[in-house]
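The values are calculated or read from the model by the stated rules, or taken from the named source; none is laboratory data. Predicted, not measured: the structure shown is a model, and the values here were computed from it. With ideal geometry, Cβ positions are generated from the backbone for all residues, glycine too; neighbour counts draw on all protein chains shown. Please note that ligands, DNA and RNA were not included when accessible areas were found on the heavy atoms of the full protein model with its side chains. Shrake-Rupley method; radii C 1.70, N 1.55, O 1.52, S 1.80 Å.
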Amino acid sequence: MKNNPWLDIPASDYENHMLEVGQSQILSTLTKKYLEKYKPERFALLGCATGNGLEHINPYITKKVFAIDVNADYLKKTNERFTNEIPGLEVIQWDIQNEGPGFKDVNLVFAGLILEYVDVKNAIMKIADTLAARGVLIIVIQRSRGTSFVSKTKYCSLEKLSGIAHEADENEIDCITQIAGLKMLHREEIELNPQKSFVLLEYISNY
Ligand SMILES: C[S@@+](CC[C@H](N)C(=O)[O-])C[C@H]1O[C@@H](n2cnc3c(N)ncnc32)[C@H](O)[C@@H]1O
């Protein structure tokens, strides 16, 4: 965890960068869509940063929320922001490539723009382990065409990511999810602008 460049990116730089490139809003809307579709009792947000998307949790439906990130400062901010609104919130510092903190039986996992920064195989196998029977995993990955993977803004600290950021390979994800016992339910591509799109992949466990 020590050498992860995400640990050196201030929360305010990250939030401002994501707002400027318009990606926070889209991820938040997608989180809302799947919370409403599946009404999970137990939900996990992976790579939660400062909690984008958790504003859509209905605590009467979703009793337990695991907010996961490698950056303890982001988690502190997530906790400060949502602890009153979400009684079942648990923030957990976890590098999702490593052995997990052991929570299980999650009905919905949302992993938006995190596979780009990890070893995809390790991460998917660990994530699949947390799912309940017929639990759903939503993966959002980014596609870039002829432009830098991390969009340039005035928040230079984000440039530290260039050493680890990579486009997640959809074929690899398909292959590993199958090994992990997940079945694809849906795929869609959401165009952000002519150079960038999000690919959303929806999987279910133990079909
Ligand atoms: C691009 S952001 C994800 C988008 C975010 N969910 C949002 O809506 O703004 C990537 C997040 O994943 C976290 N992260 C990166 N590598 C990680 C790892 N190995 N384990 C857990 N979290 C990680 C980063 O700290 C960061 O908060």
Enumerate by residue number the chymotrypsin sites (Phe, Trp or Tyr not before Pro) in the stretch 36-113 meeting two conditions: DSSP loop (anything except H, G, I, E, B), and at most 11 other Cβ atoms within 10 Å of the site's Cβ.
Tyr60
How big is the antiparallel share of DSSP beta bridges in the stretch 51-207, given as a percent to the nearest 5?
65
Quick shape check on the chain: root eigenvalues a ≥ b ≥ c of the Cα gyration tensor, a/c under 1.5 is rounded, otherwise prolate if a/b tops b/c, else oblate, and it reads rounded
Longest site-free stretch - the chain; sites: GluC sites (Glu not before Pro), DSSP loop, at most 16 other Cβ within 10 Å:
100-166
Excluding residues on the same chain fewer than 8 positions from Lys37, give the lysines whose Cα lies under 30 Å from its Cα.
Lys63, Lys64, Lys76, Lys77, Lys104, Lys121, Lys126, Lys183, Lys196
I need the per residue convex hull volume for the stretch 28-77, using only the alpha carbons, in cubic angstrom as a whole number.
66
With all protein chains in place and a 1.4 Å probe, Lys160 shows an accessible area in Å² (nearest 10) of 100
Any idea what Rg and Dmax come out to for the stretch 92-135 if you just take the C-alpha atoms, in Å?
10.1, 27
Carbon and sulfur atoms: what percent of the 1.4 Å accessible area of the stretch 2-147 do they account for?
47
Place a point 7 Å from the Cα of Asp129 in the direction of its beta carbon; the residues of the stretch 181-205 whose amide N falls under 17 Å from it are 181-182
Using R₀ = 25 Å, calculate the FRET efficiency as 1/(1 + (r/R₀)^6) where r is the Cβ-Cβ separation of Arg81 and Arg145; round to 0.05.
0.15
What residues of the stretch 1-42 lie in the reach of a label at Glu159, counting those whose backbone N is under 20 Å from a point 7 Å from the Cα along Cα→Cβ?
4-21
If you count only protein heavy atoms with a 1.4 Å probe, what accessible area per residue comes out for the chain, rounded to a whole Å²?
47
If you average over every viewing direction, what projected area does the convex hull of the Cα atoms of the stretch 102-207 give, in nm²?
7.4
Simple spin-label estimate for Asp13/Ile92, 7 Å along Cα→Cβ, in nm, reads 2.9
